[in-house]
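Scroll down for the structure; my scribbles are underneath it.
The values are calculated or read from the model by the stated rules, or taken from the named source; none is laboratory data. Computed from a predicted model, the values in this text were never measured in an experiment. Counting neighbours? That spans all protein chains shown, and the Cβs are built from the backbone with ideal geometry, glycine included. Areas reflect the complete protein model, heavy atoms only, side chains present, ligands, DNA and RNA absent. Shrake-Rupley method; radii C 1.70, N 1.55, O 1.52, S 1.80 Å.
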Amino acid sequence: MNSPEHQSAGVQVDVRVRQADLGRDGLASTIGMARWLEDARIRLRLRRFERLIGEGGFGSFRILLVGQQVSRLAPAGPAGTRVQVHTGVRRIGRSSLTFGQEAMVGGKHVGSGDATVVLADGSGPLQLPDELIADLHEMRLPETETGTGTGTAGGPPATRLRPERLNRAHYSNWAPLRSRIGDVDSNQHVNFMALATWYDEAVAAFALDSIGTSDGGAVPDLSPRSYRIRYLGEVTYPGDYEIGLTARSGDTGSVHYELGVFRGSTCLGVADGIGPEGEPRTSHFPTPRA
């Protein structure tokens, strides 16, 4: 992998498509592309902020991802393919920041995404220090906003979460899941990337139930090509959880999924996904809302 390079579209980081990034069609999956975006963010250098930390000028803190979006725009692969990920800053808030990202292969736009992170300690969100803000300003995208709110995924404030998304009654299909020790990260909770795979698991269970398979056939590959995810609480190990799902047919042969991860009656995260529509055995798709 090459070192990050500053480009007009943000900071460029080169990554390679890994075997684990590929879906069942042999091409990069949406979750695989989300890993590229994560890799690029981790490799960003924030020199003023790093110096401040090294000098003891900023106390103990955690970096928490509160929302992310990823879209698979075009096929990418096979393993070993070089991907250029461009990362810039889309929004700077009082205690959060939002990165905007694009993935390119051979000059072709294959993926995009954004991620909103918060600095926090045991008492809650922390105000971004001036040194970090100065670093972020050097990576600003043309549409960068500067404000006083904590911000949400996607730059400008996202639409308000509908209250029913937090209620179990909103979801008509369920997939039980148990957290695994391998899913736990240094923040001592289930890693956000592991959580993203849980949503894929729920969609696969729904596809199997609604479409089925031929004798000995594979589960239909209808994984979403885009996700918008919000993290509302910590998912921990050990623990038994359920992913709720409701689906509605789109107007272009697509399916719109609304998902939520629950422990008992508590919703710990929600996601919206858009994927291809298969041929269901029976209609599982309600009429789209007006």
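Looking at GLY67, GLY57, just one residue is in contact with a Lys or Arg (Cβ under 8 Å, 6 or more places away or on another chain) and either modelled with pLDDT of 95 or more or outside any strand (DSSP E or B) (or both), and that residue is GLY67.
When the residues of the range 115-137 are filtered to those that are within 22 Å of the chain's Cα centre (by Cα) and of a type in the set (A, V, I, L, M, F, W, C), which remaining residue is nearest to ARG51 (Cα to Cα)? Only one residue fits best here, namely LEU136.
Restrict the check to the range 85-96 and report whether at least one residue is hydroxyl-bearing (Ser, Thr, Tyr), farther than 21 Å from SER60 by Cβ and in contact with a helix residue (DSSP H, G or I) (Cβ under 7 Å, 6 or more places away or on another chain). Yes; the residues of the range 85-96 include at least one that is hydroxyl-bearing (Ser, Thr, Tyr), farther than 21 Å from SER60 by Cβ and in contact with a helix residue (DSSP H, G or I) (Cβ under 7 Å, 6 or more places away or on another chain).
How do the pairs read when you match residues in the range 108-119 that are surrounded by fewer than 23 Cβ atoms within 10 Å (Cβ to Cβ) with residues anywhere that are part of a strand (DSSP E or B) and of a type in the set (D, E, K, R), using Cβ under 6 Å and keeping only pairs 6 or more apart or on different chains? Final answer for the pair search is SER112/GLU102. Of everything in the range 218-231, what is open to solvent by 30 Å² or more (accessible area, probe 1.4 Å), aliphatic (A, V, I, L, M) and in contact (Cβ under 8 Å) with a residue 40 or more places away in the chain? Give them in sequence order. Hit for the range 218-231 is ALA218, nothing else. Checking the stated criteria, GLY93 turns out to be farther than 17 Å from TYR227 by Cβ and not acidic (Asp, Glu). Take the residues in the range 169-188 that are without any contact (Cβ under 8 Å) to a residue 24 or more places away in the chain and among the small types (Gly, Ala, Ser), then tell me which one is nearest to THR266 (Cα to Cα). Filtering the range 169-188 for residues that are without any contact (Cβ under 8 Å) to a residue 24 or more places away in the chain and among the small types (Gly, Ala, Ser), the one nearest to THR266 (Cα to Cα) comes out as ALA169.
Cβ-Cβ contacts under 7 Å between residues 6 or more apart (or on different chains), taken from a first residue in the range 133-161 that is modelled with pLDDT of 65 or more to a second residue that is in a helix (DSSP H, G or I), are listed as ALA134/ARG48; ASP135/ARG47; ASP135/ARG48; ASP135/PHE49. Consider the range 240-273 and keep the residues that are in a loop (DSSP other than H, G, I, E, B) and modelled with pLDDT of 95 or more. The one that is least open to solvent (accessible area, probe 1.4 Å) is GLY264.
Against the condition modelled with pLDDT under 95 and of a type in the set (Lys, Arg), how does ARG82 come out, does it pass? Spelling it out, it is not the case that ARG82 is modelled with pLDDT under 95 and of a type in the set (Lys, Arg).
Being under 25 Å from ASP130 (Cα atoms) and either open to solvent by less than 30 Å² (accessible area, probe 1.4 Å) or outside any helix (DSSP H, G or I) (or both) holds for only one residue in ALA103, ALA34, ALA40, ALA79, and it is ALA40. Here ASN173 fulfils each of the conditions (1) loosely packed, with under 15 Cβ neighbours inside 10 Å; (2) modelled with pLDDT of 95 or more apart from (1).
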